[in-house]
Each structure stands twice: as structure tokens, then as C-alpha cells.
Amino acid sequence: MNKTQLANYFDHTFLKPYATEADLTKLCNEAKEIGAAMVAINTTWTKFCKEQLKGTNVHVGAAISFPLGQAGLASKIAETKIAIEDGADEIDYVIDIGQAKMHHWDYIKEEMESIVSICREHNVISKVIFENCY
């Protein structure tokens, strides 16, 4: 396996709250150069990155409710729909960490079913982020 084939298994990420257009341009250029599978970005940058990566095999992944997961289900659903409308190829969402710590598994299940259902409806990949550091 060569370097480019290996890079295709990884996401290239920039999820800083101070992200600028220059940061995201650099991210997309690097992702194209190395052949990353996807750029993982905050939802607000979805359209911008989709345009930057047009004509490449690099996907755009929106990180929903990153990093805390406590935006509430209605907000996560809205953010997911907006990201998909803006061109996200993948949705990576953070579970509600507090709900998980309290063992409210019905809430986590509802959250997962809701977001995954929207993604399936639009043929968009979905992944769950567990912020294990918390």
C-alpha cells in the first residue's frame, strides 16, 4: 500500500472555533494533495468546502454539535438537514455526553434513530462521535 492509498482511509480535520476561510482553504488543499477520504469541518463551512473540493474524490463531512453534543435533539436535526442541503457527504454527530453519563439510553437511541434516518433518506453516510475524553 502506498502513501496515497493509505491517506484515503483517513479524514483530514479542522474543527477549531476560530476557523477562517484561509484555514479551510489550506485544509481542502492538503486533503486533495494527500488524497484524504474526507474533510471534517464545522457545519458552517460545508458549502465552502464542497466548492473547494468539487471534482475530487474528497468528501465533506459536517461535525454536528461538536464537541459537546448538548445542542438538543431539535437543533441537531436542524443542523443535520442544513449540512445535507449545503452538500455534506457525511454527517458525524456527537452524542449528548451528559445523557450518556446519566445512562439515558432511550434518549441516545432516539437521537441516533432521528439523525441516521435523515441521513439514510438523503443517502448520506452517518457516524457517531463519542468524545471519550469526557
If you average the C-alpha positions of region 102-127 and of region 67-82 separately, how far apart do those two centres end up, in angstrom?
11
Computed about the Cα centre, the charge dipole of region 3-129 from +1 Lys/Arg and -1 Asp/Glu charges at the Cβ has a magnitude in debye, to the nearest 20, of 240
For ILE34 and LYS54, what does the FRET efficiency come to when R0 = 25 Å and r is the distance between their Cβ atoms, rounded to the nearest 0.05?
0.90
Cβ density ranking, 10 Å radius, fewest first, applied to ILE118, ILE125 yields ILE125, ILE118
Taking max minus min of the Cα coordinates of region 3-129 on each principal axis, largest first, gives extents in Å of 43, 30, 27
Full-extension gain between LYS26 and ALA78, please, as 0.36 nm times their residue separation minus the C-alpha to C-alpha distance.
15.9 nm
Rounded to one decimal in nm, the spacing of the 7 Å Cα→Cβ label points at HIS104 and LEU6 is 4.3
Residue exposure sequence - PHE130, PHE66 - by fewest surrounding Cβ within 10 Å
PHE130, PHE66
In the chain, if the dipole is taken from +1 on Lys/Arg beta carbons and -1 on Asp/Glu beta carbons about the Cα centre, which of VAL58, ILE118, THR4 is farthest to the positive end?
THR4
Lysines with Cα under 24 Å of LYS47, excluding same-chain neighbours fewer than 8 positions away
LYS16, LYS26, LYS32, LYS76, LYS81, LYS127
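If we count other beta carbons within 10 Å of each Cβ, what is the order of MET112, MET102, MET38, fewest first?
Placing the least packed residue first, the sequence is MET102, MET112, MET38.
None of the figures in this text is laboratory data; all of them are computed from the coordinates on show. If you're wondering where the values come from, they're calculated on a predicted model, not measured in any experiment. Here Cβ is always computed from backbone atoms with ideal geometry, including for glycine, and neighbour counts include all displayed protein chains.
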